[in-house]
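Got a structure here, written out as structure tokens. Questions coming.
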Amino acid sequence: MTAKVAARRYAKALFEVALEEADVQKVHDELQQFADLLRTHEALGQVLANPAIPSSQKRGLAKALVDRAGPVSAPLAKLILLLAEHDRLMLLPEVAAAYHERLLDYQKVIRGDVTTAMPLDDTKLRALEHGLASATGRKVMLESRVDPSIIGGVVTRLGSMVYDGSVLTQLEKLKQTLAETGQ
């Protein structure tokens, strides 16, 4: 089983338990803090990734981290200790990412990105999000990108859907149509 698949399974289990026993948003925030801790403290990551250190010592370290963090949601504390027992604490950042995606889906939020030839101001970006929210029935959160090569227009990606209204694409379609008609 790959790390990504395992992380998704742990995230799914954590989310399902959090729905019943805790606040899913609070669990998300706490999980993200632990994942950030592993990302930012290189020495801690090296210790947890070291196969020479017994999992019982890693579990002790994980318990100390949970205790020092203050009140941590019970489902998350159990998951962290379980990951430590199975020597999989290094999966925590991937578990956090998978949990975040599950939370967004639960909240009916879809993320996407919009590419334009010139920067979009916040008002236009919010208007685009609002229009897409009306069309999809979900809250839309867009990340704005600039790519001068599209010449003009907008390319929007929501999940696997791509809405391409760029000038570059329109010119390519026109070129193809002219080539097909022999003009």
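The values are calculated or read from the model by the stated rules, or taken from the named source; none is laboratory data. Keep in mind that what you see is a predicted model, and the values were worked out from it rather than measured. Don't worry about glycine lacking a Cβ; one is built from the backbone with ideal geometry, like all the others, and counts go over all protein chains shown.
From the list T177, T123, T169, T116, which residue is of a type in the set (S, T, N, Q), in contact with a Lys or Arg (Cβ under 9 Å, 6 or more places away or on another chain), free of Cβ contacts under 8 Å to residues at least 60 places away in the same chain and outside the structural domain of V47 (by TED's automatic domain parsing)? Don't jump to the end; show me each part of the working.
On the way: T177 fails: in contact with a Lys or Arg (Cβ under 9 Å, 6 or more places away or on another chain); T123 fails: in contact with a Lys or Arg (Cβ under 9 Å, 6 or more places away or on another chain); T169 fails: in contact with a Lys or Arg (Cβ under 9 Å, 6 or more places away or on another chain).
Of T177, T123, T169, T116, the one residue that is of a type in the set (S, T, N, Q), in contact with a Lys or Arg (Cβ under 9 Å, 6 or more places away or on another chain), free of Cβ contacts under 8 Å to residues at least 60 places away in the same chain and outside the structural domain of V47 (by TED's automatic domain parsing) is T116.
Here's something else I'd like to know. In the stretch 138-154, which residues are in contact with a helix residue (DSSP H, G or I) (Cβ under 8 Å, 6 or more places away or on another chain), loosely packed, with under 15 Cβ neighbours inside 10 Å and β-branched (V, I, T)?
Passing the criteria: only I151.
Quick test for you: out of K108, K175, pick the one residue that is more than 20 Å from the chain's Cα centre (by Cα), basic (K, R) and at pLDDT below 95.
K175
Listed residues A98, A43, A133; which is at pLDDT below 90, in a helix (DSSP H, G or I) and of a type in the set (A, V, I, L, M)?
Checking each option against the conditions leaves just A43.
Looking at V5, V66 in this structure, which one is β-branched (V, I, T), at pLDDT 90 or above, surrounded by 14 or more Cβ atoms within 10 Å (Cβ to Cβ) and in a helix (DSSP H, G or I)?
So the residue among V5, V66 that is β-branched (V, I, T), at pLDDT 90 or above, surrounded by 14 or more Cβ atoms within 10 Å (Cβ to Cβ) and in a helix (DSSP H, G or I) is V66.
So P119 clears everything in (1) of a type outside the set (D, E); (2) in a loop (DSSP other than H, G, I, E, B); (3) within 30 Å of S149 (Cα to Cα); (4) out of contact with any strand residue (DSSP E or B) (no Cβ under 6 Å at 6 or more places or on another chain) except one condition, right? Which one?
(4)
I would also like to ask the following. Checking the condition more than 30 Å from L168 (Cβ to Cβ) and either among the charged types (D, E, K, R) or in contact with a strand residue (DSSP E or B) (Cβ under 7 Å, 6 or more places away or on another chain) (or both), which residue from R126, R68 passes?
Numbers: R126 fails: more than 30 Å from L168 (Cβ to Cβ).
From the options R126, R68, the qualifying one is R68.
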